[in-house]
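Visitor: Here's a structure for you.
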Amino acid sequence: VQLQASGEGLVQAGGSLRLSCAASGRTFSSYAVGWFRQAPGKEREFVAAISWSGISTYYADSVKGRFAISRDNAKNTVYLRMNSLKPEDTAVYYCAAQTGLRVASMEPNEYDYWGQGTLVTVFQ
């Protein structure tokens with residue numbers, strides 16, 4: 001499975017951005033997908049995840065109510081809609097896929113495939 005993250009952007013605080021994670025492979029619809037981010041000098045942190053079915057979603061407290069994760073299995077794509085962006089949301093965002101029909105995890109080491117990352121910069 002190859003993951004391609006896109007949607008990089010420079011946005012003013014309070015603005016919105018949508019990231020996409022496009023995947024190759026026929027079995028993508030059976031994978032949970034997560035978004036993680038890493039700011040300069042910080043460790044990679046969990047942002048959001050969605051179950052393979054799309055029924056269950058999970059969010060970090062820092063983005064709850066502002067970000068929304070969704071997926072379109074027909075297009076092999078997962079989205080992260082980010083609203084009310086703050087400067088502290090500035091980071092490289094990564095999508096990752098978790099195989100095996102497991103419950104979506106908030107731990108990076110539970111994910112098997114990673115995209116290359118896309119930069120989000122929020123200025124005041």
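Visitor: Calculate the dipole size of segment 1-116 relative to its Cα centre from +1 charges on Lys and Arg beta carbons and -1 charges on Asp and Glu beta carbons; express the result in debye to the nearest 20. Don't skip to the answer; put the middle values down first.
Guide: Values: 12 positive and 10 negative charges, 64 e Å.
I would put it at about 300 debye.
Visitor: Amide H neighbours of Gly15 under 5 Å, counting only residues 5+ apart in sequence or on other chains, H built in-plane at 1.01 Å?
Guide: So Gly15 has HN proximity to Leu85.
Visitor: If Rh is defined by the Kirkwood formula over all Cα pairs and Rg also comes from Cα, what ratio Rg/Rh do you get for segment 44-104?
Guide: Numbers: Rg = 11.9 Å, Rh = 12.5 Å.
Over the Cα atoms of segment 44-104, Rg/Rh equals 0.96.
Visitor: Just add up the charged neighbours of Leu17: K/R +1, D/E -1, any other residue whose Cβ is under 13 Å from the Cβ of Leu17.
Guide: Details: positive: Arg18, Arg37, Arg66, Arg81, Lys86; negative: Glu8, Asp89.
After counting each charged neighbour, the total is +3.
Visitor: Next question. When we measure straight from the Cα of Lys64, which lysines land under 25 angstrom away, once same-chain ones fewer than 8 places off are left out?
Guide: Lys42, Lys86
Visitor: Here is a follow-up. So how exposed is Lys64, as accessible area in Å² (1.4 Å probe, rounded to 10)?
Guide: 120 Å²
Visitor: Here's something else I'd like to know. Can you tell which of Leu17, Leu80, Leu101 shows the greatest fluctuation in a Gaussian network model of the chain with Cα springs below 10 Å?
Guide: Comparing Leu17, Leu80, Leu101 in a Gaussian network model of the chain, the most mobile one is Leu101.
Visitor: May I ask you to give the solvent-accessible area per residue for the chain, in square angstrom, as obtained with a 1.4 angstrom probe? Kindly include the intermediate steps, with their values, before the conclusion.
Guide: Values: 6330 Å² over 124 residues.
With the other protein chains kept in place, the chain gives 51 Å² per residue.
Visitor: Have a look at Ala22, Asn73, Pro87 and report the one farthest towards the positive end of the charge dipole of the chain, computed about the Cα centre with Cβ charges (Lys/Arg +1, Asp/Glu -1).
Guide: Asn73
Visitor: Which of Asn73, Asn109, Asn83 moves the most in a Gaussian network model of the chain with Cα springs under 10 Å?
Guide: For the chain, modelled as a Gaussian network with Cα springs under 10 Å, the answer is Asn109.
Visitor: Right, next: Taking all protein chains in place and a 1.4 Å probe, what share, in percent, of the accessible surface of the chain do carbon and sulfur account for? Walk me through the numbers before you get to the answer.
Guide: Values: 3070 of 6330 Å².
C and S atoms contribute 48 percent here.
Visitor: Right, next: Let me know the Kirkwood hydrodynamic radius for the chain, please, with Cα pairs as the basis and the value in Å to one decimal.
Guide: Values: mean 1/r = 0.0709 Å⁻¹.
So the Kirkwood estimate lands at 14.1 Å.
Visitor: Counting only protein chains, not ligands or nucleic acids, how are Tyr113, Tyr31 ordered by accessible area (probe 1.4 Å), most first?
Guide: Values: Tyr113 80, Tyr31 20 Å².
Result of the area sort, largest leading: Tyr113, Tyr31.
Visitor: In what order, largest first, do Val78, Val1 sit by accessible area if the probe radius is 1.4 Å? Mind showing how you got there, number by number?
Guide: Working: Val78 0, Val1 55 Å².
Heavy-atom accessible area, descending, gives Val1, Val78.
Visitor: Ordered by residue, what ³J(HN,Hα) values in Hz, to whole numbers, does segment 70-77 give under the Karplus form 6.51 cos²θ - 1.76 cosθ + 1.60, where θ = phi - 60° and Gly and Pro are x?
Guide: 8, 8, 10, 5, 5, 9, 6, 9
The values are calculated or read from the model by the stated rules, or taken from the named source; none is laboratory data. Source: prediction; values computed, not measured. When we count neighbours, we look across all protein chains shown, and the Cβ atoms used for this are built from the backbone with ideal geometry, even at glycine. Just the protein is used for accessible areas: all its heavy atoms, side chains included, with ligands, DNA and RNA removed. Shrake-Rupley method; radii C 1.70, N 1.55, O 1.52, S 1.80 Å.
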